[in-house]
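*Asks:* Below is a structure I'd like to ask you about.
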Amino acid sequence: MGRKIKIVVADDNRNLCQMLQDFLQSQDDLEVVGVAYNGVEAWDLIQSQEPDLVIIDLVMPSLDGLGVLERINGRTTASRPKVIMLTAFGQESLTHQAMVLGVDYFILKPFDLEILGKRIRSLTQSVPSSSAPMTSTVNAVTNAGTSVNLGAEVTNMMHQIGIPAHVKGYQYIRDAILMVVEDVSLLGAVTKELYPAIAKKYDTAPSRVERGIRHAIELAWERGHTETLKRIFGYSMNIERQKPTNSEFVALLADKLRVMSKVS
């Protein structure tokens, strides 16, 4: 077996760090070489361990994820690790700055650990590191391939989840997922760009799009198949007690489609 992918994990949420470490260490081809709880610790680990990939939270004490990215880009004497940034909604302006700085991929909290594992392998497979600062590669990483019929796949997933096809939110969600697959930056502008674009297509108001999506998700949680919901969302939330937000729902399904198109 070849060399394991060396990973540094950085987040001020210690429970999340432990969950990530336990999952990554259970994978035969992945190795966690350091865990940090603030940006300064993360930067020290990056310099000392020379990881292949860094999983880092956008907002952290001492030095945030953007500051760590700036330091990584400023190095000229070492290979540049791939960077997966953990982000939450409400951080749109910071997310945009991270894209400018060349983050390789965003993972939206909460997230699916299996999806994260596939994304790590996708980013590090046969891609030599470069010592030069990178331009943004988000589009290259997330654009969907043509070998998967994305429209059919998203329809299939929504049927499995249990969203009734006759409700307005069904079509809104379907369009939102496909739009995010094509342009992941829309996750940073859900209310300003994503909802208005869908509203324009259906000649309605963005607020109605938002309510329609929320209603469809609520129906899925009330009437849907629990085991299917657990399989799709189980790593990231307690299905019996917690429903995803509109944006979390769209982001997770869009990410699953991107992985499917990548591995196919």
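The values are calculated or read from the model by the stated rules, or taken from the named source; none is laboratory data. Just so we're clear, the structure is a prediction, and the values are computed from it rather than from any experiment. FYI the Cβ positions are ideal-geometry reconstructions off the backbone, even for glycines, and counts take in every protein chain you see. Only protein heavy atoms, including side chains, enter the accessible area calculation; ligands, DNA and RNA are left aside. Shrake-Rupley method; radii C 1.70, N 1.55, O 1.52, S 1.80 Å.
*Asks:* Only one of (1) in contact with a helix residue (DSSP H, G or I) (Cβ under 8 Å, 6 or more places away or on another chain); (2) open to solvent by 30 Å² or more (accessible area, probe 1.4 Å); (3) farther than 19 Å from PRO51 by Cα; (4) at pLDDT below 75 is not met by GLU153, so which one is it?
*Replies:* Of (1) in contact with a helix residue (DSSP H, G or I) (Cβ under 8 Å, 6 or more places away or on another chain); (2) open to solvent by 30 Å² or more (accessible area, probe 1.4 Å); (3) farther than 19 Å from PRO51 by Cα; (4) at pLDDT below 75, only one is false for GLU153: (4).
Matching residues to (1) modelled with pLDDT under 90; (2) crowded, with 19+ Cβ neighbours inside 10 Å; (3) among the aliphatic types (A, V, I, L, M):
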site	(1), (2), (3)
GLU182	yes, no, no
THR191	yes, no, no
GLU210	no, yes, no
ALA220	yes, yes, yes
ARG223	yes, no, no
TYR235	yes, no, no
VAL250	yes, yes, yes
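*Asks:* Would you confirm, using the coordinates I've provided, whether ALA144 is at pLDDT below 85 and buried (at least 17 other Cβ atoms within 10 Å of the Cβ)?
*Replies:* So ALA144 fits the description; yes.
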